[in-house]
Every structure is written in C-alpha cells, then in structure tokens.
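Could you have a look at this structure, given as structure tokens, before my questions?
Rule-based calculations on the coordinates, nothing more; no lab input. Because the structure is a prediction, the values reported are computed rather than measured. All Cβ positions, even for glycine, are placed from backbone atoms using ideal geometry, and neighbour counts span all protein chains on display.
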C-alpha cells in the first residue's frame, strides 16, 4: 500500500527552463547560447548539484570561459537563478495539498544545490512536505541508488510504501530498483490519473 509520495523538483514542482532564464537577463541574443552552455550546461553546474565544489570555485571556472561582459550575469544565474525565474508548474500546488489532506506523507528527492532552503517556501505546496533530501547535502546524484536509500533511512520509510514522481525515466528506474513504484511526470492532470491508478483516492481530473 502506498503511504508516501516522493517528488522531484525541476519540471515536476517548478519549471526548469534555463533557456528562458537566460533570455530574461536582457543580454544580446547572440550571447545567450554561450551563457546557456557555460553555466547550465557546464560540469560545474553538475558538481554544485553533487556538492563537491563551492559557489566561488564554480563561478570562477565558468567566467574563465566567458567574456568579461557576461561575468556578472553568469554569477547571478549561478547563485540566484531562482530569484526571478522560479516558475511553479501549473496545478501542482493544489495536487500536493490534496495528497497531504488525505493523510499521505509528502517528500522531496531532488538533484539540487545547497541553497534550496533559501527558496523552498516558494515551491508549490512546500508547507506540506514532511522531509526533503537534496543531492548536494549528501554528495550524491540521482539516479545513484544510494541517494534513494538516504531518503528511506533518514525518514524511516519503507520503499514499497513510496511512490516516486520524476520527469526522467532513468530516475524512476532507479526508484524501482530500490523497491519503490513511480511514474514519469508529464503534467498535473496526468499525474493525478497515475496516482488514482496507484490507489490514491484523489478527485478525478476534470
């Protein structure tokens, strides 16, 4: 029986669209591809998610590959991308709150950086979460099974009682390998149907 719903964050609870983030920075259009590549597409961005590099080290390395005119923008995107670009996924706040109202545990398992506490209260339904595991805090990344085991251990959860929601199938597969069930996220209504099929007594989508 499912007792807990575990959510990824990017493209599940909030939109993860680095291309939009960059375009909103009011820079020449011809600079956007380079900034997108050297910030969000960089090794340093993944290393920040893994928690094995400092913000200063990451931005310094990124800036070495960028013209000086883009240094300030790169630092802002790296360290405060969420300040002006955090876009909730439509319908998810309502769905998370409905799940919580039914008595289910609600948890976060996300590849994210150590600054998540600075903006977590802006995440849809953040007040409903019983716990959160952030990759940078454990120096692990999904789909490493060890990160899923951290969630189970830290909150005393049973894998077979957890339903995992992520936008990447490889991360769902990892959840299944540790004994969870789950589904790939498409939109809130689709997820609602998948949860109903899994036995969660939610209202049917209109």
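Relative contact order (percent) for the chain, with alpha-carbon contacts under 8 angstrom and 6 or more residues of separation?
Working: 325 pairs, mean separation 56.7, N = 206.
Once divided by the residue count of the chain, the mean separation gives 28 percent.
Kindly state, to the nearest 0.05, the FRET efficiency for residue 1 paired with residue 24, given R0 = 30 Å and r defined as their beta-carbon distance.
Details: r = 44 Å, r/R0 = 1.47.
Efficiency computed from Cβ-Cβ geometry: 0.10.
Just subtract the alpha-carbon distance of residue 102 and residue 176 from 0.36 nm times their residue separation and send over the number in nm, one decimal. Could you put the intermediate results ahead of the total?
Values: separation 74, 0.36 × 74 = 26.64 nm, distance 2.41 nm.
Length gained, residue 102 through residue 176: 24.2 nm.
Taking the chain as a Gaussian network, where each spring joins two C-alpha atoms under 10 Å apart, which residue of 124, 18, 67 fluctuates the most?
Top of the fluctuation ranking is 67.
I've got another one for you. Where both partners of a DSSP beta bridge lie in the chain, what percent of those bridges are antiparallel, to the nearest 5?
Details: 2 of 19 bridges.
For the chain, the DSSP antiparallel bridge percentage is about 10.
Can you put 49, 137, 121 in order, fewest other beta carbons within 10 Å first?
Values: 49 21, 137 14, 121 8.
Ranking 49, 137, 121 by Cβ neighbours within 10 Å, fewest first, gives 121, 137, 49.
Please check: in the Gaussian network model of the chain (C-alpha springs, under 10 Å), which one of 125, 41, 182 has the largest mean-square fluctuation.
Answer for the Gaussian network model of the chain: 41.
Taking the inverse of the average 1/r across all pairs of different Cα atoms in the range 18-85, what Kirkwood radius in Å do you get?
11.8
Pairwise over distinct Cα atoms, reciprocal of the mean inverse distance: report the Kirkwood radius of the chain in Å, one decimal place. Walk me through the intermediate numbers first.
Numbers: mean 1/r = 0.0560 Å⁻¹.
Every distinct Cα pair counted, the radius reaches 17.9 Å.
Give me 40, 185, 7 ranked fewest to most by other Cβ atoms within 10 Å of their Cβ, as a rough exposure proxy. The partial results should precede the final answer.
Values: 40 18, 185 21, 7 26.
Least crowded to most crowded, the residues run 40, 185, 7.
Once you have the Cα-Cα distance between residue 72 and residue 167, take 0.36 nm times their residue separation minus that, and quote the gain in nm to one decimal.
Working: separation 95, 0.36 × 95 = 34.20 nm, distance 3.10 nm.
Here the answer is 31.1 nm.
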